[in-house]
1. Show the residue pairs meeting these rules: Cβ distance below 7 Å; 6+ apart or different chains; first residue within region A:30-57 and loosely packed, with under 15 Cβ neighbours inside 10 Å and in a strand (DSSP E or B); second residue among the charged types (D, E, K, R) and modelled with pLDDT under 95.
2. Which residue is farthest from the other protein chains (Cβ to nearest Cβ), if the candidates are limited to region B:14-50 and must be under 14 Å from B:E79 (Cα atoms) and in contact with a helix residue (DSSP H, G or I) (Cβ under 9 Å, 6 or more places away or on another chain)?
3. Would a scan of region B:51-59 turn up a residue that is at the interface with chain A (Cβ under 10 Å from one of its Cβ atoms) and either farther than 24 Å from A:S94 by Cβ or outside any strand (DSSP E or B) (or both)?
4. Would region B:96-106 turn up any residue that is within 10 Å of chain A (Cβ to nearest Cβ), of a type in the set (D, E) and within 17 Å of A:P39 (Cβ to Cβ)?
5. Just one of (1) surrounded by 15 or more Cβ atoms within 10 Å (Cβ to Cβ); (2) within 12 Å of the chain's Cα centre (by Cα) trips up B:A77, so point out which.
6. So which of A:G63, A:G107 is closer than 23 Å to A:E15 by Cα, of a type in the set (G, A, S) and within 14 Å of chain B (Cβ to nearest Cβ)?
7. Assess whether B:T104 counts as being farther than 22 Å from A:D30 by Cα, assigned to a strand (DSSP E or B), without any contact (Cβ under 8 Å) to a residue 60 or more places away in the chain and of a type in the set (S, T, N, Q).
8. Scanning for something under 28 Å from B:Q6 (Cα atoms) and within 15 Å of the chain's Cα centre (by Cα), does region A:14-22 turn up at least one residue?
Amino acid sequence: DGGITQSPKYLFRKEGQNVTLSCEQNLNHDAMYWYRQDPGQGLRLIYYSQIVNDFQKGDIAEGYSVSREKKESFPLTVTSAQKNPTAFYLCASSMRVRRYGYTFGSGTRLTVV
Amino acid sequence: AQRVTQPEKLLSVFKGAPVELKCNYSYSGSPELFWYVQYSRQRLQLLLRHISRESIKGFTADLNKGETSFHLKKPFAQEEDSAMYYCALASGSRLTFGEGTQLTVNP
């Protein structure tokens, strides 16, 4: 069953801690993306990666870091430098030909307590 | 820089009424536009692409380059259409999303 899996669904973090969100896909997609979804603001791009061992900053990369060591995996670390980390995080993947759109994961809700 | 605007955060219609969700964009190149939908407790999924000129679940969207718009339309709304709808613009390998419109179809 092909798809994109995000884990965990819910995550709680204490202030000052780093936390890593997992994203795995078995669609053989080259590109992967991380978005943050906040009410009334739509989806904002954090980081994206078009090939293994390469990634680019999106519009709101500050306080986040990523790695792309394998084609299937694109983990996102929310660092303590992120001032407002409580949000819903969505991972997506796509083929290189963008006209086919993205496949999204089911998301991770991060809450800072 | 590319930008997508969805002017209505909330839209409420009655079942059987026509519905139009507005989307305007700004982009200097040749745009590729999409509509995504997120039903309650489901993941975001592609609804339709302008390039395929398709009709999905009765929805259509026409790209109007003169007005830089890509409005989503359905002649007769159904209760199951209630969801959050996002318009998105592709540039390079990125998708830029609008703020979203929450559609509610009342019985």
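1. Hits for this filter: A:I51/A:D30.
2. Taking region B:14-50 first, the residues under 14 Å from B:E79 (Cα atoms) are B:14-19, B:39-40.
Checking which are in contact with a helix residue (DSSP H, G or I) (Cβ under 9 Å, 6 or more places away or on another chain) leaves us with B:15, B:19, B:39.
Values: B:K15: 26, B:V19: 20, B:Y39: 12 Å.
Among those residues, the one meeting the criterion is B:K15.
3. Step one: of region B:51-59, the residues at the interface with chain A (Cβ under 10 Å from one of its Cβ atoms) are B:51-52.
Still in the running and either farther than 24 Å from A:S94 by Cβ or outside any strand (DSSP E or B) (or both): B:51-52.
Yes, there is a match, as at least one residue in region B:51-59 is at the interface with chain A (Cβ under 10 Å from one of its Cβ atoms) and either farther than 24 Å from A:S94 by Cβ or outside any strand (DSSP E or B) (or both).
4. Looking for residues that are within 10 Å of chain A (Cβ to nearest Cβ), of a type in the set (D, E) and within 17 Å of A:P39 (Cβ to Cβ), one finds at least one in region B:96-106, hence yes.
5. Every condition holds for B:A77 apart from (2).
6. Working: A:G63 fails: within 14 Å of chain B (Cβ to nearest Cβ).
Going through A:G63, A:G107 in turn, the sole match is A:G107.
7. Values: farther than 22 Å from A:D30 by Cα: yes; assigned to a strand (DSSP E or B): yes; without any contact (Cβ under 8 Å) to a residue 60 or more places away in the chain: no; of a type in the set (S, T, N, Q): yes.
The answer is no for B:T104.
8. Our first condition is that a residue be under 28 Å from B:Q6 (Cα atoms); within region A:14-22, this holds for none.
No - not one qualifying residue is present in region A:14-22.
The values are calculated or read from the model by the stated rules, or taken from the named source; none is laboratory data. These numbers were taken from a predicted model, which means no experiment stands behind them. Counting neighbours? That spans all protein chains shown, and the Cβs are built from the backbone with ideal geometry, glycine included.
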